[in-house]
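Below is one structure, written out as structure tokens; comments come after it.
The values are calculated or read from the model by the stated rules, or taken from the named source; none is laboratory data. Everything quoted here is computed from the prediction, not taken from an experiment. Counting neighbours? That spans all protein chains shown, and the Cβs are built from the backbone with ideal geometry, glycine included.
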């Protein structure tokens, strides 16, 4: 694949200065995107300006505005004031809109003395509730959404089905009910199952594979599986292991995507070596998507640490995104842009990116312990500074470091771009 002319000019002028969505599309993906924080779009100009940049983020997702409690707070009464915020930004900028989420055990509303999560339902009444909700919400956004997360987080980490009002009423029949209703509401959008910790290819992943097969066996439509990618620095599977897991689902005839990617530090502030490890982890995740023909894109769950959900959910952890709290690009941004640029400029086959310190078991969601850091020490190079793994180290117009931190070496990918691999 050849780079668009505008990207070629950018590379020629100053190495990798192109932005993430442009690089992702040039590398063969459909988009590189982020979720939008509804409460900060109109209150933080710097945040909004970055979110508006289609070259950086070609796809947006409402962080909370399309969830059940936001769209149907009272039974049969729908409101879209929150969901329309991010949808409106995407429409104004010509960005893809990815929509999230319809049937989920969490963030369900209370309806008078009855709650969706705890009320007394039978199959008939709850099916009517599901179909009414999907029909109205998807109807409002019909024609706007590239994809919808139809069923969200239906599997426990141990591979059992997650308890919910839906499971207790329908058993697994609610999967097909939901996907059929979604197809009827908007026949032209992609319909996804979405979950976290699928990346580790263990019991939870096995059950998610079964979920796809259950929906397909019922004759219901399912188009994709979303890997949320809420990961921990130093515990992210290797690039090849991630690609293997993605292929378990593309082999079933569905597309895949990373839908909520963030990679958090177990303790903050992060050391310089931990920032390098985080960059390697992000590169492995994005690289695995590039390695699988049916992986269509990557969405990060927010782009700035300033507004991340992580610290409130995992106290003492955080700094999980590509921009810091002051909107500065972190080493992880460079890692992601580099792996995208390497693919876009047709390098030789990529080397494996497995880190020796990475484990493949999913970390406990409540963990607060530090992960082993990757050493970045090496002998001093002539001229001083050394580039980190995945960073640019040469090319026409490049004035930065030309030596790589050990054990990486500077490899020429094209006349304008050399990279530490």
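Would you be able to say whether some residue in segment 151-163 is surrounded by fewer than 22 Cβ atoms within 10 Å (Cβ to Cβ), part of a helix (DSSP H, G or I) and in contact with a strand residue (DSSP E or B) (Cβ under 7 Å, 6 or more places away or on another chain)? Within segment 151-163, not a single residue is surrounded by fewer than 22 Cβ atoms within 10 Å (Cβ to Cβ), part of a helix (DSSP H, G or I) and in contact with a strand residue (DSSP E or B) (Cβ under 7 Å, 6 or more places away or on another chain). Every listed requirement among (1) assigned to a loop (DSSP other than H, G, I, E, B); (2) surrounded by fewer than 17 Cβ atoms within 10 Å (Cβ to Cβ); (3) in contact with a helix residue (DSSP H, G or I) (Cβ under 9 Å, 6 or more places away or on another chain); (4) modelled with pLDDT of 95 or more is met by residue 143 save one, (3). Just to be sure, is residue 179 assigned to a helix (DSSP H, G or I), touching a helix residue (DSSP H, G or I) at 6+ places or on another chain (Cβ under 9 Å), farther than 28 Å from residue 60 by Cα and in contact (Cβ under 8 Å) with a residue 24 or more places away in the chain? The answer is no for residue 179. Taking strands (runs of 3 or more DSSP E) as the structural unit, those lying wholly within segment 187-270 and holding at least 3 residues that are touching a strand residue (DSSP E or B) at 6+ places or on another chain (Cβ under 6 Å) and under 18 Å from residue 176 (Cα atoms) correspond to 190-195, 224-227.
Collect the residues in segment 164-192 that are more than 15 Å from residue 220 (Cα to Cα) and surrounded by fewer than 16 Cβ atoms within 10 Å (Cβ to Cβ), keeping them in residue-number order.
168, 171
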